[in-house]
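Report on one structure; see the data block that follows.
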Protein chains: 6
Amino acid sequence: MDAVEEFNAYREKMNNAIMAENNLVIKRLFNLDTNTYKAGALPSQTKELLGLVASMVLRCDDCIKYHLEKCVEQGTTKAELFEAFSVANIVGGTIVIPHLRRAVEYWQLLTQRND
Amino acid sequence: MDAVEEFNAYREKMNNAIMAENNLVIKRLFNLDTNTYKAGALPSQTKELLGLVASMVLRCDDCIKYHLEKCVEQGTTKAELFEAFSVANIVGGTIVIPHLRRAVEYWQLLTQRND
Amino acid sequence: MDAVEEFNAYREKMNNAIMAENNLVIKRLFNLDTNTYKAGALPSQTKELLGLVASMVLRCDDCIKYHLEKCVEQGTTKAELFEAFSVANIVGGTIVIPHLRRAVEYWQLLTQRND
Amino acid sequence: MDAVEEFNAYREKMNNAIMAENNLVIKRLFNLDTNTYKAGALPSQTKELLGLVASMVLRCDDCIKYHLEKCVEQGTTKAELFEAFSVANIVGGTIVIPHLRRAVEYWQLLTQRND
Amino acid sequence: MDAVEEFNAYREKMNNAIMAENNLVIKRLFNLDTNTYKAGALPSQTKELLGLVASMVLRCDDCIKYHLEKCVEQGTTKAELFEAFSVANIVGGTIVIPHLRRAVEYWQLLTQRND
Amino acid sequence: MDAVEEFNAYREKMNNAIMAENNLVIKRLFNLDTNTYKAGALPSQTKELLGLVASMVLRCDDCIKYHLEKCVEQGTTKAELFEAFSVANIVGGTIVIPHLRRAVEYWQLLTQRND
């Protein structure tokens, strides 16, 4: 199991444990989360980039990984991703750089396995 | 002078005072900031939306106002803006709602004066 | 109109403007927000205190005002509120103090008008 | 040594190293931290929940672990914890979800060892 | 009463209201806060600059005002302050710029009245 | 390879991968970052302490490690570092303590290898 599969397996296992508790507010929030990135007035590809940049400035590595995988699946290019990264790093400052390093490393993993 | 002009006038006055000090790092950061949103692999309209969402989740009203004005100038529609707002509010939580209220109020100002 | 009524009137006016747009994600988030603080395994009074402390450490004055009013309506005492404030100030640091000042000022307004 | 013991052992070792330096401000802050959660106008159980929610919205995994252990020791139930989690996730947004996953995993560890 | 006096008067009035409640944790935290910036291994001037930069990256205008006044009282020069500002803006990103504008405006007020 | 070398090797490898992309905004930001801490009106030693405290209150472990190494290289003493830590912990609250623990651990590593 590579690092991408490991991340997704842990995510799924714990999401299942959370859903099993049947807390209505948390279940609905998880549901809403999925709806948020569906195509509407904005294409899904743009929304995933918005989610990626929001995750970077708030410095949440797991959230970055999740949105990066979606972006790669949707065919967002390396140059486009780096421009989104540049917005996040200018708005959020150098404090975002360690997350940029891990994002680029994860992007390498995601694209190597799609070769 | 309406609230939009007032915001821009204060912004310009203080930016001039900051530039006058000739601190190289700050001057270059201001410069970089302008370059960040120029069209490249991503269109400028998408980059401004990225800047808007980053500003919302980091809860900076002045940054939101600045990017909102750019978005409106570039013809981003109300429905598109609300979808960007929805990403910011889901990622950042209800703590973002007071900033959403002020963003919608400022959007009303921006569009009424363009009538 | 005193400062409490003004705060609530602005809040209601802008919430109506937001609801009018019919963005499904935002509408459902507002809905969920209301459900979050209803009595369940924890009494509503405890949940409002949780919302208050979360708002303080995230330093959102409007969110603090909203939860403070709920706490006062539910009969939470001054001593209880100050203990919740103390948790927020220890966890979040002295950066929370300016928000504590404004919280205490708003609490004075809320309780004076209930005399 | 399981993950809970490991966490507590590291915490104690480093706290000792910090105390050994005799920096008065830091020592007093550590002291204050302990006092903050003692029963007063609010029961200790409520205060630990406040500390837990503050830790979640500020997204500090170690702080979450610490308060979770205290909550479990004090007999706070799973349903009560999930309602506190729901407040943190609504106020703080989906950015809190990865911390919720790790919190639920740590809660499982804490309760399995108490069987 | 100018803007500096107004800020200090409000600060003092609300601090007194907070102290009057006799919450031990909050009183001790206020006390510790004062001790933190006293000369020790580092001179007080450096500590105030540390407090200023911490306040800027955490984006707390009132905290910035407080530390700016201390820095000006201690003779910290405009060039030194701008270098501290530059660290805060690079580490914290362009999201700090609106706070920089207000900091420079307050610095102008502080130095004009000392003429 | 000890933990310090490992940290620096990963940092350098990923920085190279980032630079290789030739995104102008990111390259210039990395450049600016280096310039920010050079001696000017303030000595480099003070600027590194400012960077350290900013990193602590923003709770970025990698940024803390980077600035700690610079501080140790420049001869900043343990007592001086702990006073900088105390400012960060008072301003940022107990949420900073887990980062303080890891900072002290990394400082031990940095100084043992310099023996």
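Throughout, read-outs are computed from the coordinates displayed, never taken from laboratory work. Just so it is clear, the structure is predicted and the values come from calculations on it, not from any experiment. Here the Cβ positions follow ideal geometry from the backbone for every residue, glycine too, while neighbour counts run over all protein chains shown.
Dividing the mean sequence gap of close Cα pairs (under 8 Å, 6+ apart) by how many residues chain F holds gives a relative contact order of 27 percent.
Excluding same-chain neighbours fewer than eight residues apart, the aspartates and glutamates reachable from residue B:27 by a Cα-Cα span under 18 Å are B:12, E:80, E:83, E:105, F:33. Centroid-to-centroid, using Cα positions, segment F:5-65 and segment B:8-67 are 21 Å apart. Along its first, second and third principal axes, ordered by size, chain A spans 41, 37, 28 Å in Cα coordinates.
Neighbour counts of C-beta atoms inside 10 Å place D:69, E:73, A:48 in the sequence E:73, D:69, A:48, starting with the fewest.
Neighbour counts of other Cβ atoms within 10 Å put B:27, E:47 in the fewest-to-most order B:27, E:47.
Dividing the alpha-carbon radius of gyration of the protein assembly as shown by the rule-of-thumb value 2.2 N^0.38 Å gives 0.91. Only helices enter the 222 nm calculation for chain F: every DSSP H run of n ≥ 4 contributes -39,500 (n - 2.57), and dividing by all residues gives -25500 deg cm²/dmol, rounded to 500.
By the Cβ distance rule of under 4.7 Å, chain C has these cysteines without a partner: C:71.
The C-alpha atoms of chain F define a longest principal axis, and helix F:24-36 lies at about 40 degrees to it. Counting only residues at least eight positions apart within a chain, or on another chain, the lysines with an alpha carbon under 17 Å from that of residue B:70 are B:38, B:47, B:78. Taking Cβ atoms as reference points and 10 Å as the exclusive limit, the residues near residue F:84 contribute a net charge of -2, counting Lys and Arg as +1 and Asp and Glu as -1. Per residue of E:9-15, other chain Cβ atoms within 10 Å of the residue Cβ number 3 on average. Taking the Cα atoms only, what angle lies between the long axis of helix E:44-57 and the longest principal axis of chain E, rounded to 10 degrees? Helix E:44-57 sits at roughly 80 degrees to that axis.
Using r as the Cβ-Cβ distance of residue D:39 and residue C:77, and R0 as 22 Å, what FRET efficiency do you calculate, to the nearest 0.05?
Values: r = 15 Å, r/R0 = 0.68.
For residue D:39 and residue C:77, the calculated efficiency is 0.90.
Each Lys or Arg adds one and each Asp or Glu takes one away; over the other residues whose Cβ falls under 15 Å from the Cβ of residue B:105, this sums to -2.
Any idea what angle helix D:78-92 forms with the longest principal axis of chain D, computed on alpha-carbon atoms, 0 to 90 degrees, nearest 10? So the inclination is approximately 80 degrees. Sorted fewest first by neighbouring Cβ atoms within 10 angstrom, D:104, F:96, E:53 come out as D:104, F:96, E:53.
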